[in-house]
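Read the structure below first, then the notes.
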């Protein structure tokens, strides 16, 4: 395994341990056990700051970052993370899949993510598609790419929700002077939830019964509107239902933040 995930994971762990006033983590042992299996794992989380990635993974033991299959893959915007040779090297080594905003759900990044999941890897998504710091208890409509990612998996992965709170105080959006660096002394809460598979697998079964062979357009990288004009009408409905089921499942996990915040601060594990 390369040094980038390990170094970034170590820095994130250091910040959680030394830079935060308190960190409360719920459900981590169960999450770590699920990463050990040979089944792919898809995590979905709310997105509240520019440091959610990578700081939220500072809760994981450092040894996790030495195993590429137990280190998350994620999608990153090309115009933000792949602007130069150094950026490209860093984020590719950090297991970030280049994604092009505005090119719809039929693009290679989604194909690659499905293949990673079929191979037993872990893929993480912020399905809202951008940071949301207002009304932290609710979520934007999920982008449809996450539904297509699951629809085209040959083997359904574990679908695990993760809810985060507090990072919006560590570094808000937009970053303006003097807030170029993460703020210290904040309270952070991270919840790892139970699988959403009971909600999603019946919808996937209905999709595969209707489309035994996944529908794809003749040309990739088009705006979503063009794809909607060409694809079967019920396909968009199925994607929307699946995305909404995941959204509701994630918000249900977020509803437990209050009870977790009443618990004593957690110990951030080392190795």
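Any read-out appearing in this document is the output of simple, stated calculations on the displayed coordinates, not a laboratory observation. Because the structure is predicted, anything quoted here is derived from the model rather than measured. Quick reminder, even Gly has a Cβ in these numbers, built from the backbone with ideal geometry, and neighbours come from all protein chains shown.
Figures for the structure shown
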{"read-out": "Hits in the range 192-219 (condition: assigned to a loop (DSSP other than H, G, I, E, B) and within 23 Å of the chain's Cα centre (by Cα))", "value": "193, 194, 195, 196"}
{"read-out": "Unique match (being over 21 Å from residue 120 (Cβ atoms) and either surrounded by fewer than 22 Cβ atoms within 10 Å (Cβ to Cβ) or within 14 Å of the chain's Cα centre (by Cα) (or both)) among 78, 68", "value": "78"}
{"read-out": "Any hit, the range 121-136, residues being surrounded by fewer than 18 Cβ atoms within 10 Å (Cβ to Cβ), farther than 21 Å from residue 75 by Cβ and touching a residue at least 60 places away in the same chain (Cβ under 8 Å)", "value": "yes"}
{"read-out": "First in the range 150-161 and on the phi > 0 side of the Ramachandran plot and free of Cβ contacts under 8 Å to residues at least 60 places away in the same chain, second anywhere and in a loop (DSSP other than H, G, I, E, B) and surrounded by fewer than 19 Cβ atoms within 10 Å (Cβ to Cβ), Cβ under 9 Å, 6 or more apart", "value": "none"}
{"read-out": "Qualifying residue in the range 105-112 (condition: under 14 Å from the mean Cα position of the chain (by Cα) and under 26 Å from residue 267 (Cβ atoms))", "value": "no"}
{"read-out": "Residue list for the range 232-246, filter: over 21 Å from the mean Cα position of the chain (by Cα) and surrounded by fewer than 16 Cβ atoms within 10 Å (Cβ to Cβ)", "value": "232, 233, 234, 236, 237"}
